[in-house]
Every structure is written in structure tokens, then in C-alpha cells.
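The values are calculated or read from the model by the stated rules, or taken from the named source; none is laboratory data. None of the values given here were measured: they were computed from a predicted structure. We place every Cβ from the backbone using ideal geometry, glycine too, and count neighbours over all the protein chains shown.
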Amino acid sequence: MKITAKHGSLTLENKGMSVAKAETMELSRYEQRLREIRMMAAGEDYSRCTRRVIDFCIDFSLPEMLRQDAINIRKQYNLNQSSGDRNLRFDRNISLQLDLLRLIDEMEKQYAGEANGKSETKVNKGTGAIFHGKDIRKRFAGNDAFGLEMPNLDLLAGELTGVVGENGNGKTTLLRLVAGDLAVDSGELGYSWLESKFLDWPLIKQRIAYIPQRIPRWFGKLRDNLKYAATIHGIRGQENRDAVSLVISRLGLSRYEESAWDEISSGYKLRFELARALIWRPGLLVLDEPLANLDINTRSLFLQDLRDIASSEKYPVAVILSSQQLHELEDISDNIIFLENGKPVYSGAVGGIGLSRQENVYELKSPLDETAFRTLLGDLEDIRIETEGMNYVIRCHTDIGTNEILQLLLERQIEIKYFREISHSTRKLFRKEHA
């Protein structure tokens, strides 16, 4: 691959790197998860490590004593993070790491016992469609009549499907139709837990958790609300208490379990809604713009939790959510739907956009004004430069990859504040390029 200058020459060679394949041992799911958890503890990633420990308790059989230890350690971490004393948190984290390593040792001993005479815990991996929709149509009356058309939609257990598009193009309508909160005008809807094609909505909604953009107010204490949510879904007695303790610790609500609505932030209200939805193990989770009021760190944590929860070994969930946070949503989703004027411009696997494209597209931000930027790159015949708002867009042949563009910018001493390839991103579709 070469980038050729119009005057003189600038050649960037694309040298392939031969990467030796490391030999990997075939490990059981139990062993893989324990190794993952131990590496997180060693790397002092206590947030993710303690969350994955709770996930392990949910997915695999552990003695009650170890399950309680896991909950207590996660709770300890949650409370440590709420402390404003950094030195105190450091001392507590040292203790936390020791507790985690001890717990992991005990979990490995438990696995050794399982391996010496017991079969590994069987899990329910989702392979089929939890929801299937065909030729879904919904039209609203009015002067500016809007209609939604969705030819085909499958939501699979263990997978996340992101829905994007400009405001007013049907994202919320689609989610409400899937959740049964809005009736379709025509088309087929199917849910895996139905034994017939008859849409028994009371039965259907027993397996769907729908979190709207505007979270409804609740009354009483957070823990009591979770206990009630579990009870009305048939989870009672000790099982109820265990489920509440697990979900409170898993979603970082330990500090707020005795709090009321007015005493927690919007981010924790959303976490409460997620806890209330997940405590009874739904088959389908529908979320409308859950990231809208979250800061960047909270968004990342929330999406990571959704990814882990959806792909649970024992209780996989089909998740569909809408958001304007394109790049973050694409990073964790398996599938993406881009809606425009109520119709899917693209619906398929993440990364499938632009497979038949004729060029690569890069978006970047630089402190240079447009004149200076174009002057530094204007002699290159193999690229085109466009501006979009505060960003620059570089177009080039598909042979010119990310490394070559970055090297070119470095060679020309162009400072970069932000850079991203959007050749396979829904960001292209917002630019009205539906290739």
C-alpha cells in the first residue's frame, strides 16, 4: 500500500506482522472464569473482579458459605468506594485483595472437588430467538403521519441489539412494540416461551423487563422494593432474601439499600431499575435510552454490566436498547439497527456496515483550522478531506488502513485530539451515506 503525494513523494509501506499463535489449554468454563477473576484480582481491578465473582455465584453451584463471602466482599468494595478518605480506601483495598485471593483459592478447591467425581455444572446457553418479529407495521394518525416498518427482527438470548437513529425516527416505537407496551397494526410477533401463536399478553409480559427513558417514581426503601419485585414473580422466603442480596451487591447498591427515591442520584435510580428488572430473571430486557443521563464513566460501567448480564452462563438474556452514544453502543452490541423515517437502513451484525464499501472513512478532531489542515494534507492525491461541524473526515482507498493514516498524520506533524475509523460504524449512516 502507498500514499502518493502530488508533488514529490511520500510512501508509507504496509508491513504485515507475523504473530505466533500461543498454545492455549482447553479449560472448562469453571476454570476459565476462575482464571479471569484471579487475573483481575492480581491486576487490582477490584470493581470488575468483585462483579464477576457475583456473576460466578449466579452461574455456578457454590456452597452457601462461599456465596455469602462473595456478597460480603463485593459489599465491602462498594462501601470502600463511597469513602472520601483515599488513604483509608488504600488500606481497605489491600485487605480486599487478600480476601478476594482467599475466596478464589476456596472456589478452586471447590472446583477440584467437583472434578473428582462430579460433573461440571450444566448451564442454559441461549441459542434460539427469544423474540421474532416479521413484517411489523405501526402507523400513527395526524397531519405528519409517522409509520414504523420492520421487515424482520430476531433477538437472541445472550446477545445485545442496539437501536440508533436521529430523534423521531422510531426507536422508542420499536422498543414499545417489542415490549408489548404498544400494539402493532400488522405483522407477526413471536416469543420463545409461548406454546402457540396466540399472543397471551399477560403471560408474555411475565418474561419481559421494560425500562422506559423516564423512570417512574417509587416509594419506600430500595431493598423493600426489590423484595416486592421478587415476590410478585414467585420468589419467596430464603430464595427471595438471597436474590435481593446478590443483585444489590452486584449492581453497587449496597450504600443505598435503605434509601428512598429522593436520596439517590439518577444514575443509581437507573441501577435500581436494572436490579428490579433482573431479580426475577427475565427472558427479554428492553431499555429506552438508558445512557441519556449518565456520565462517561457510569455509562461505560453500565454497558459492561449489561454485556456480562446478557451473556450469563445460566440465565442468558436477550437485550435490546436504544441510545445516541453510538461508539459505546457499538462496542458492546452484537447487532445494530439504524432507523430512518421509521425504516431500517441497516439491521444486522455490528461491523457489517460498509462491507461492500469502496473507501475507508476516518473521523478526527484537530486544533488546526481548516486552511492549515488542508495545506498540510492538500498535496496528497489518494485522500479526500471533508469537514463536518468541528471534525474532519478523511476518505481514502480501502487499501489505506488505520495505521497508515495515523503514520501520515504523524509525518505531517498534525496534532490529533480525537480519531476513529467509521468505515464500519453507524456514524456513516448519520452522514446519509447508506453504502
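Just one of the listed residues (270, 203, 222, 251) is more than 30 Å from residue 429 (Cβ to Cβ), aliphatic (A, V, I, L, M) and within 24 Å of the chain's Cα centre (by Cα), and it is 251.
Give region 189-208 a look and list any residue that's in contact with a Gly (Cβ under 9 Å, 6 or more places away or on another chain) and either at positive phi or of a type outside the set (Phe, Trp, Tyr) (or both), or say none. If the condition is that a residue be in contact with a Gly (Cβ under 9 Å, 6 or more places away or on another chain) and either at positive phi or of a type outside the set (Phe, Trp, Tyr) (or both), then 189, 190, 192, 197, 199, 204, 205, 207, 208 are the ones that fit.
Residue 252 meets the stated requirement of being surrounded by 21 or more Cβ atoms within 10 Å (Cβ to Cβ) and part of a loop (DSSP other than H, G, I, E, B). Filtering region 48-66 for residues that are over 28 Å from residue 317 (Cα atoms), in contact with a helix residue (DSSP H, G or I) (Cβ under 7 Å, 6 or more places away or on another chain) and modelled with pLDDT of 90 or more leaves an empty set. Each residue in region 184-237 was checked for being over 22 Å from residue 281 (Cβ atoms) and either surrounded by 16 or more Cβ atoms within 10 Å (Cβ to Cβ) or in contact (Cβ under 8 Å) with a residue 24 or more places away in the chain (or both), and 10 pass.
Of all residues in region 298-322, those being of a type in the set (S, T, N, Q) and without any contact (Cβ under 8 Å) to a residue 40 or more places away in the chain number 2.
Condition check: within 19 Å of residue 293 (Cα to Cα), out of contact with any Asp or Glu (no Cβ under 6 Å at 6 or more places or on another chain) and either in a loop (DSSP other than H, G, I, E, B) or not β-branched (Val, Ile, Thr) (or both). Does residue 268 satisfy that? Answer is yes for this residue. When region 306-326 is filtered for residues that are among the aliphatic types (A, V, I, L, M) and either within 17 Å of residue 247 (Cβ to Cβ) or touching a His at 6+ places or on another chain (Cβ under 9 Å) (or both), the ones remaining, listed by number, are 306, 309, 310, 317, 319. Scanning region 171-183 for residues that are part of a loop (DSSP other than H, G, I, E, B) and surrounded by 19 or more Cβ atoms within 10 Å (Cβ to Cβ) yields a single hit, 180.
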